[in-house]
1. Give the range 283-306 a look and list any residue that's within 20 Å of residue 190 (Cα to Cα) and among the polar types (S, T, N, Q), or say none.
2. Hey, can you tell me all the residues within the range 185-230 that are hydroxyl-bearing (Ser, Thr, Tyr) and more than 19 Å from the chain's Cα centre (by Cα)?
3. Restricting the search to the range 1-26, which residues are over 25 Å from residue 114 (Cα atoms) and either assigned to a helix (DSSP H, G or I) or among the basic types (Lys, Arg) (or both)?
4. Being at pLDDT 95 or above and part of a helix (DSSP H, G or I) is true for just one of 158, 117. Which residue is that?
5. Could you identify the single residue in 131, 30, 102 that is of a type in the set (Gly, Ala, Ser) and at pLDDT below 95?
6. Could you figure out which of (1) within 30 Å of residue 172 (Cα to Cα); (2) in a loop (DSSP other than H, G, I, E, B); (3) within 23 Å of the chain's Cα centre (by Cα) isn't true of residue 29?
7. Which is in contact (Cβ under 8 Å) with a residue 24 or more places away in the chain, out of contact with any His (no Cβ under 8 Å at 6 or more places or on another chain), of a type in the set (S, T, N, Q) and assigned by TED's automatic domain parsing to the domain that holds residue 170, of 277, 233?
8. State whether the residues of the range 49-61 include one that is more than 27 Å from the chain's Cα centre (by Cα), farther than 26 Å from residue 106 by Cβ, hydrophobic (A, V, I, L, M, F, W, C) and at pLDDT 95 or above.
Amino acid sequence: MSHFSEPNSFTQPLFDQLKRHPKRIVFPEGEDERILRVAAKFVELGLGVPILLGDRDKIFAMAKDLGLSMNFVRVINPVKSSDFQLFCNRLDRIERYRGLRGMDVEEVISKPHYFAAMMVQYGQADACLGGNISDPAGVFRPLLHLIKPDANVPRVFAVTVLTSDSLPNFGSDGVLFLADTGLIPDPSVEDLASIAAETGMLAHHHLGRRVRVALLSHSNLGSSPTPSALKMSAAAASAREKVSIDACEIDGEIQADVAVDREAARIKAPKMARKESADVLVFPSLDAAHISMKLLGHIGGVSSYGRIIRGLTKPAGQVPRTATEEMILGTAAALGVEAIQFRELHPQG
């Protein structure tokens, strides 16, 4: 039985780009059958070089039992790596610069997620993807600790990409970008404006056209002037100042049905009725985004990729422990394309 679906409207362009510009993706939790299958598929498709962290003998034995080729797959045991002491020395300098003392740098760098973050930060890999075994905090903490933040983004956040070829009103191309699905419990106006602008530009680069961003609320354009609705309205106004009108159209605050369904818009907000279904949905809280993401995946049956972490100067992502091989492969490909497009997305580096 195949563990991978046919490429869809989101993943096919990713694969096409990576075949022209292969990238190195490091998987900190390499001792997982799903990761071995993804690594073999990544090589088979010509997308780049997977780097698996873990016990080399165990990983090769697992691959043999599964009948998987390990050609062009790198396997690294962090503590036995030639870079181990180099990374320890760098972490020691970082902590001294921050005025911290007493950290056992060797113990920290021996942890795969910290080693992977160091690999990406210092150019030994183009992106990293974890979470298939660890809880989210175990993935996010090393990335936030070791990868330089993007000075243009006030707080790090996460985007999940959903695809469906059967559900109505599911984005103009059957693709939806949801944010923030991972990191900021109660975002401020500034946070929401940044999330909307950054996610809009991310969707613009992936979809290759002008995209529509909707900041969601229980209110439609002032129909219910609650503090939450006013916050979303203010964030939408601020986000418009951050993006090119040719790349993103930003609406808000609006209800979810008005954002995605023309008929609902015709009845509730007639001036929105001619607009295409939103490509990006920005939620007022982490609870709202996370619950919506899970319901769409587990009841709606949509395919899910990510979380893609935004606000760092290097591409990184996290998948849930329930992730399928299809989700891991698509998320890895999205991160690889982020590495290709990084200079375009962040021209100042």
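The values are calculated or read from the model by the stated rules, or taken from the named source; none is laboratory data. Everything numeric here is computed off the predicted structure, so don't read it as measured data. FYI the Cβ positions are ideal-geometry reconstructions off the backbone, even for glycines, and counts take in every protein chain you see.
1. 285 - this is the single residue of the range 283-306 that is within 20 Å of residue 190 (Cα to Cα) and among the polar types (S, T, N, Q).
2. 188, 217, 219, 223, 224, 226, 228
3. To start, the set of residues in the range 1-26 that are over 25 Å from residue 114 (Cα atoms) comprises 1-21.
Residues satisfying the conditions are 11, 12, 13, 14, 15, 16, 17, 18, 19, 20.
4. Working: 158 fails: part of a helix (DSSP H, G or I).
Checking each option against the conditions leaves just 117.
5. On the way: 131 fails: at pLDDT below 95; 30 fails: at pLDDT below 95.
So the residue among 131, 30, 102 that is of a type in the set (Gly, Ala, Ser) and at pLDDT below 95 is 102.
6. Tallying (1) within 30 Å of residue 172 (Cα to Cα); (2) in a loop (DSSP other than H, G, I, E, B); (3) within 23 Å of the chain's Cα centre (by Cα), residue 29 fails exactly one: (1).
7. Values: 233 fails: in contact (Cβ under 8 Å) with a residue 24 or more places away in the chain.
Sole residue among the options that is in contact (Cβ under 8 Å) with a residue 24 or more places away in the chain, out of contact with any His (no Cβ under 8 Å at 6 or more places or on another chain), of a type in the set (S, T, N, Q) and assigned by TED's automatic domain parsing to the domain that holds residue 170: 277.
8. Yes, there is a match, as at least one residue in the range 49-61 is more than 27 Å from the chain's Cα centre (by Cα), farther than 26 Å from residue 106 by Cβ, hydrophobic (A, V, I, L, M, F, W, C) and at pLDDT 95 or above.
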